[in-house]
Amino acid sequence: MRPTPRPPLPPLLLLTAALFAAVTTEVLPVGLLPQLAQAFAVDQSRIGWWVSAYAVVVAAGAIPVTAWLARWPRRPVLVALLVGYALSNAAIVLAPGYGWALAARLLGGLAHAGIFSVVVATTVELVARERSGRALALVNSGVTLALTAGVPLGTALGAALGWRWAFATTSLLLLVLAAAVAALLPPGRPAAPADRPPSVRQALRGRALLAVALTTTLVTLGHYTAYTYVTPIVLAAGVPTGSVSLVLFAYGLASLVGLALTARLADRGGSAVLRCGVALAVACLLALVLVDGVVATVGVVALWGAAFGALPTLLQTAALRASGGSDAAPALVNATFNVGIAAGAWAGGLLLGADVRAPALAGALLAGLGLLSTLALRPAAGALPRQRAARASGLDDHPDRAGAHVVDPAADGHRRR
């Protein structure tokens with residue numbers, strides 16, 4: 001067997017940029033609440049509905065949209081989704097009123113419902129199976145970079161030049177990415193029947209994938225119950241108002257560290273690594289209930305960022321293993337993540353009135369239930385199920401671009417894949 005090839009970097013960087021632009025689009029209204037509320041003559045809470053409605057559309061649409069998109073090759077589908085995002089942002093810029101702008105946001109939610117499934121599936125098809133976890137960690141860094149750089153830059157642009165410039169710039173970036181994907185992403189070819197993964201409907205019947213979905217729901221619900229209100233929590237712990245942004249920056253930077261560790265461990269540790277990540281997140285949430293002082297609070301928040309920064313990749317990897325590589329895996333993770341975002345923000349808001357640290361305690365308890373649910377996951381470690389990389393991505397005719405020919409020991413005559 002030949003050495004495991006390195007993944008094709010340019011396509012993976014394009015997929016990373018696609019998630020960066022998607023998540024920046026999703027969260028951008030949070031940084032521009034005052035300007036948007038003034039422009040559309042509504043309360044800031046009604047602009048907050050843009051985020052909630054977006055999350056609801058993603059949670060409800062991820063599985064059916066993914067099942068529908070699975071009929072077509074990855075490249076044109078990804079181009080269409082990026083153009084859909086661009087049209088959503090452009091429509092907000094041109095919207096004559098609040099209702100039109102909200103409808104444009106829902107269009108972006110439909111694009112978001114499909115993009116994670118397409119990006120994750122394309123990622124695992126582009127690389128050898130031994131490197132799929134590492135490739136997913138790289139691509140998921142686009143999410144962390146969006147939260148730590150994309151949204152702050154968009155907020156700064158909106159504050160300096162007006163909110164329309166922020167949305168228009170994001171729309172232009174999405175169009176540029178769509179053109180780059182059309183030009184640079186390898187064309188796909190249908191896989192042979194023996195190599196096709198289970199359909200979305202078939203995969204959803206499996207108990208293993210549903211166990212991953214339960215874990216994802218509980219962990220993200222616990223996380224966002226606390227994270228949505230992290231500012232008042234750290235202020236209550238003694239962090240000065242002017243230093244809150246530095247605490248959040250430490251969280252974002254630590255998330256990148258968590259991703260880097262995941263790149264090394266995701267392909268080896270299986271559910272044991274996922275369990276360790278969830279356990280660390282639970283411990284940090286409990287510590288937020290008890291900790292006081294700036295240094296201790298920053299340390300706890302940074303550890304929390306490292307733990308949760310690793311979890312999306314670990315959960316996606318677990319779902320792909322549980323489903324045999326089906327498109328249902330990223331769709332279900334995407335849907336349950338958005339359930340956690342929407343329900344966690346709502347639950348944390350209810351608890352915040354009782355005690356400023358109550359969201360952290362509730363988050364720890366919910367994430368702790370998620371830790372217990374990981375016991376139902378398969379203990380198997382190692383690579384994802386057999387990839388259809390060479391055939392599905394159209395790279396088998398270009399070994400110098402794909403990196404190598406993977407040999408399947410179970411195949412008759414060690415046929416080339």
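Look at (1) part of a helix (DSSP H, G or I); (2) out of contact with any Leu (no Cβ under 8 Å at 6 or more places or on another chain) and you find that TRP304 fails only one, number (2).
Of all residue pairs spaced 6 or more apart or on separate chains, none has beta-carbon atoms under 6 Å together with a first member in the stretch 100-116 that is closer than 19 Å to PHE20 by Cα and a second member that is surrounded by fewer than 19 Cβ atoms within 10 Å (Cβ to Cβ) and of a type in the set (A, V, I, L, M).
Of everything listed in (1) farther than 23 Å from ASN338 by Cβ; (2) at pLDDT below 85; (3) over 19 Å from the mean Cα position of the chain (by Cα); (4) open to solvent by 40 Å² or more (accessible area, probe 1.4 Å), the single unmet condition for VAL247 is (4). Inspection of the stretch 112-124 finds no residue satisfying the criterion of being open to solvent by 10 Å² or more (accessible area, probe 1.4 Å), under 14 Å from TRP50 (Cβ atoms) and in contact with a Phe, Trp or Tyr (Cβ under 9 Å, 6 or more places away or on another chain). Scan the stretch 274-298 for residues that are part of a helix (DSSP H, G or I) and farther than 28 Å from GLN316 by Cβ and the total you get is 7.
Applying the condition of being surrounded by fewer than 24 Cβ atoms within 10 Å (Cβ to Cβ) and under 14 Å from the mean Cα position of the chain (by Cα) to the stretch 125-141 and asking which residue is farthest from TYR85 (Cα to Cα) yields LEU138.
Looking only at the stretch 72-94, count every residue that is of a type outside the set (Lys, Arg), open to solvent by 10 Å² or more (accessible area, probe 1.4 Å) and touching a helix residue (DSSP H, G or I) at 6+ places or on another chain (Cβ under 6 Å) and tell me the total. Residues that pass the stated criteria total 8. State whether the residues of the stretch 75-83 include one that is basic (Lys, Arg) and more than 27 Å from SER326 (Cβ to Cβ). No, the conditions are met nowhere in the stretch 75-83.
The values are calculated or read from the model by the stated rules, or taken from the named source; none is laboratory data. Quick caveat, the model's predicted, so the values are computed rather than measured. When we count neighbours, we look across all protein chains shown, and the Cβ atoms used for this are built from the backbone with ideal geometry, even at glycine. Note: areas computed on protein heavy atoms with side chains; ligands, DNA, RNA excluded. Shrake-Rupley method; radii C 1.70, N 1.55, O 1.52, S 1.80 Å.
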